[in-house]
Amino acid sequence: MMEMMAGYYVHPTAVLDDGCSIGKGSRIWHFTHVMSNATIGENCVLGQNVMVASGVTLGDNVKVQNNVSIFTGVHCEDDVFLGPSVVFTNVKNPRSAISRKSEFKTTYVKKGATIGANSTIICGVSIGEYAFVAAGSVVTHDVLPYSLVIGNPAIPSGWISEYAHRLQFNPEGRAFCPETQQEYRLIENRVSRIL
């Protein structure tokens, strides 16, 4: 059973700390913890056993699947998808006996990006608009917009449309999404959508 609170839904087992902000239409499921000073946008879905740390921001329509940990320093823009068991880090060289809270790195996940199940995102990177991180990947460097990256460490493996289809560029650097027929251009290893 879910409860409606201030325009969003929260499962009775979820914990929302004082001072967090939850947008209208969002749904927060079993055993999820949203800490103080975290900001969740409108129409987001946080699955079971999700942890959203203090200072995290999620834009509108962000989907967070089960067992995801989002640590301080992570900022997700609108329409981001985080697959099951995705993990973010916020310190490059953690030690139990050494406090490095002053060294937290910022990680950006840009509009429309997808991070596949069981991926790990090392702190301090930027994942570009509509990029796609394949399941099980370990991201250690920035990911270009519309880029598909795979592996450990994640390396580029092609380009992807806003509807998550691989793009096949012709010799002139043009490609079309097979689902929408949206046109994309590849110029100097950068992809952009033609409006």
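Computed FRET efficiency, Cβ-Cβ of Val138 and Lys63, R0 35 Å: what is it to the nearest 0.05?
0.95
Which FRET efficiency value, to the nearest 0.05, do you get for Asn37 and Arg190 by plugging their Cβ-Cβ distance into 1/(1 + (r/R0)^6) with R0 = 25 Å?
Plugging the Cβ-Cβ distance into 1/(1 + (r/R0)^6) gives 0.10.
Rounded to the nearest 20 debye, what is the charge dipole size of the chain about its Cα centre when +1 sits on each Lys and Arg Cβ and -1 on each Asp and Glu Cβ?
So the dipole magnitude of the chain works out to roughly 480 debye.
Would you mind telling me the antiparallel percentage of the DSSP bridges in the chain, rounded to 5? Show your work: numbers first, answer last.
On the way: 16 of 53 bridges.
Around 30 percent of the beta bridges assigned by DSSP in the chain are antiparallel ones.
Eight or more residues apart or on different chains, and alpha-carbon atoms under 22 Å: count the Lys pairs in the chain matching that.
8
Looking at Val125, Asn90, Val68, which one has the Cα that reaches farthest to the positive end of the dipole of region 67-177 (charges on Cβ: Lys, Arg +1; Asp, Glu -1)?
Farthest along the dipole direction, towards plus: Asn90.
Quick one, which of (1) 8, 37, 41, 14, 1, 0; (2) 7, 15, 10, 8, 7, 7, 6, 6, 6, 6, 6, 5, 5, 4, 3, 1; (3) 10, 35, 31, 18, 6, 1 is the actual P(r) over Cα pairs in 10 Å bins from 0, in percent calculated for this model?
(3)
Once you sort the root eigenvalues of the Cα gyration tensor of region 13-99 as a ≥ b ≥ c, which label holds: rounded (a/c under 1.5), prolate (a/b larger than b/c) or oblate (the other case)?
prolate
Taking the chain as a Gaussian network, where each spring joins two C-alpha atoms under 10 Å apart, which residue of Arg185, Arg100, Arg166 fluctuates the most?
It is Arg100.
Considering only Val86, Val139, Val125, give the residue with the highest GNM mean-square fluctuation for the chain, with springs between Cα atoms whenever their separation is below 10 Å.
Result for the chain, Cα springs under 10 Å: Val125 fluctuates most.
No lab work stands behind these numbers, since they all come straight from the coordinates. Keep in mind that this is a model prediction, so the values were computed, not measured. Positions of Cβ are generated from backbone atoms using ideal geometry, with glycine treated the same way; all protein chains shown enter the neighbour counts.
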